[in-house]
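What follows draws every value from the coordinates through simple rules; no lab data is involved. Bear in mind that the values here come from a model prediction, so they are computed numbers and not experimental data. Here the Cβ positions follow ideal geometry from the backbone for every residue, glycine too, while neighbour counts run over all protein chains shown.
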Amino acid sequence: MAEYTKKHTYFVEGMHCASCELLIEKKLLKNQGITKVKAFISQNRVEVAYTDELPSIDKLNEQFSEHGYIFSPTVIKTQINKKREFLQAFGIFSFIFIAFILIQKLNIGANISANASSSIGAFFMLGLVAGISSCAALVGGLLLSMTKKWNEIYIGDSAAVRSIPFLLFNIGRLISFAVLGGILGVIGGTLKISTNFSAFLSLAVAAVMVLIGLQMLGIKWASRFQIRIPKRFSGQITDENNFSGKFMPLVLGGLTFFIPCGFTLIAQGVALTSGSFIKGAIFMLFFALGTLPMLAAISFSSIKLNSKPAFTAKFNYAVGLLIIFFGVFSFNSQLNALGFKSLSDIKLPQKQKAVEAVPTRTIELTATGYQYLPRFFTVKQGLLTKLQILNVDAGGCANAAVGRGLFSGVLELHRGLNEIAFIPREKGDFKITCTMGMVPPVTVRVI
């Protein structure tokens with residue numbers, strides 16, 4: 001006689017990405033009697049089908065405590081705790097934000113750039129954050145689940161031999177992230193018809209960053225928009241029973257490129273906009289290297305991710321705020337690169353008028369660090385105008401200037417004096433900035 005299948009709905013606090021859904025589904029299926037699980041991040045609920053006794057709330061909360069998920073039979077209302085956690089997270093965010101501003105002002109790392117806008121250190125740091133986030137817990141949990149299987153295969157062997165599958169896993173991960181990141185760069189290069197098209201792609205990446213940040217803050221409507229690969233495919237990757245062969249750890253590590261995680265998605269999006277195999281490969285390789293310390297710790301000491309749920313919540317809030325900030329910062333930068341109105345246009349009127357009062361035929365700029373100075377000029381429509389940029393020590397994307405509506409293409413800056421001539425065709429305010437808009441724009445008013 002067939003067992004009767006029953007259904008039940010749990011409400012779960014703490015989900016914020018597609019990996020959360022996969023992780024919860026995978027762990028719940030390990031409970032005896034549960035035959036099917038479907039998690040819905042947009043509604044903070046999990047539907048289970050079961051034939052035996054239903055796991056208690058206390059048991060599930062104990063089972064998922066390491067990841068910071070809280071199960072309840074009804075919708076959880078923890079607004080007071082959330083406010084306190086959010087304020088604490090805001091303090092963490094404020095500290096990091098101030099440090100970011102100081103680093104920008106001091107021009108630290110200006111010459112350590114992988115392309116015209118991003119430093120390889122930035123991708124390494126993104127990987128470090130991803131490595132300790134609950135969104136990346138699925139990769140760490142997958143590695144932990146394989147530990148038992150690999151230890152059984154190499155039981156009795158030396159420590160060096162037992163470490164082989166872990167080395168293969170991490171090597172496979174590094175190789176796949178570099179190669180597939182390079183392929184994304186090639187795809188982006190094929191699509192990238194112009195710098196404008198690249199900027200629009202970067203706008204999309206920035207929008208995704210803001211969306212992910214809102215999801216990590218627990219904003220309900222943002223959770224409805226999940227960018228993911230099919231669960232059937234990602235579920236196959238996270239099933240450790242499919243990877244028991246001698247060289248399968250290498251394959252499994254490589255396939256983690258496709259496990260859904262917001263941080264990975266951000267890095268992959270930027271690799272796509274890089275436009276070249278080398279740059280895309282470097283971006284993703286350093287991102288993967290950033291995740292390596294935590295994965296190595298799991299490999300060799302079985303340290304679990306996010307052992308304190310309270311820390312996990314604060315971490316998610318703080319990182320969510322940071323991602324939103326950098327997303328808005330990037331979005332604003334792309335608006336500058338495209339010559340559109342942006343937050344950078346908010347300036348003191350009296351400061352601008354003092355410069356606009358003197359029209360010029362030659363725009364003389366000094367490129368230093370991540371800025372072009374001075375920042376305001378007035379020129380006349382229809383007259384031949386020269387742009388002269390003295391490159392003293394420009395860093396990153398400041399080495400390539402664009403002026404949408406003033407001159408076409410990109411003015412690559414070498415050390416010393418760089419010059420281009422153009423004729424302003426239309427009246428209005430135009431911007432000169434770097435190719436990625438990271439340089440505070442120079443406003444050129446055509447009268």
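Given R₀ = 60 Å, FRET efficiency for K30-I447 by Cβ-Cβ distance, to 0.05? Step by step, r from the Cβ atoms, then E = 0.25.
Measuring against 19 Å, Cα to Cα, the residue pairs K7/K27; K279/K431; K30/K59 contain K279/K431 as the ones spanning a longer distance. For a Förster distance of 22 Å, can you work out the FRET efficiency between the beta-carbons of I219 and T9, rounded to the nearest 0.05? Efficiency computed from Cβ-Cβ geometry: 0.50. Fully extending the segment from F329 to K341, taken as 0.36 nm per residue of separation minus the present Cα-Cα distance, adds 2.9 nm. Under conditions of 10 °C and 1.306 mPa s, segment 320-447 yields 107 µm² s⁻¹ as its translational diffusion coefficient, taking Rh as the Kirkwood radius over Cα pairs in the Stokes-Einstein equation. Computed over segment 28-72, the range of Cα coordinates on each principal axis works out to 26, 23, 16 Å, biggest value leading.
Just to be sure I understand the model, the point goes 7 Å from the Cα along the line to the Cβ. What's the resulting T74 to I164 distance in nm? Distance between label points: 5.7 nm. For the pair S56 and M125, the difference between a 0.36 nm per residue extended length and the Cα-Cα distance amounts to 20.9 nm.
So how far apart, in nm, are the two label points at S94 and D393 if each is 7 Å from Cα heading toward Cβ? It works out to 3.3 nm between the two label points.
The length gained by stretching the chain between E412 and K380 to full extension, at 0.36 nm per residue less their Cα-Cα distance, is 9.0 nm.
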